[in-house]
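See structure below.
What follows draws every value from the coordinates through simple rules; no lab data is involved. Just so it is clear, the structure is predicted and the values come from calculations on it, not from any experiment.
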Amino acid sequence: MSKKFPDEPPHPERICWGCDRYCPADQMACGNGSDRTQHPIEFFGRGWQNWNAEQGEESPSDSA
């Protein structure tokens, strides 16, 4: 069972969001020393959940 994915974590830069482990950025268990996966809020900013809808694109559930 996967963990709940937080919409707006307080410090997203401190965690790797690449899997359900949510490892500290400096102690990644599965990254093999690679860069951490950023949280969507770091890419798109607040309101990232609505980004697809604001762009006028169909979501995967709409096209199925």
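Listed values, structure above:
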{"quantity": "Amide H within-cut-off set for ILE15, under 5 Å, with H built and near neighbours excluded", "calculated": "ALA25"}
{"quantity": "Amide H contacts under 5 Å for ARG21, placed H, 5+ residues apart", "calculated": "none"}
{"quantity": "Using θ = phi - 60° and Karplus 6.51 cos²θ - 1.76 cosθ + 1.60, couplings along segment 4-14 (whole Hz; Gly, Pro as x)", "calculated": "5, 8, x, 6, 9, x, x, 9, x, 6, 8"}
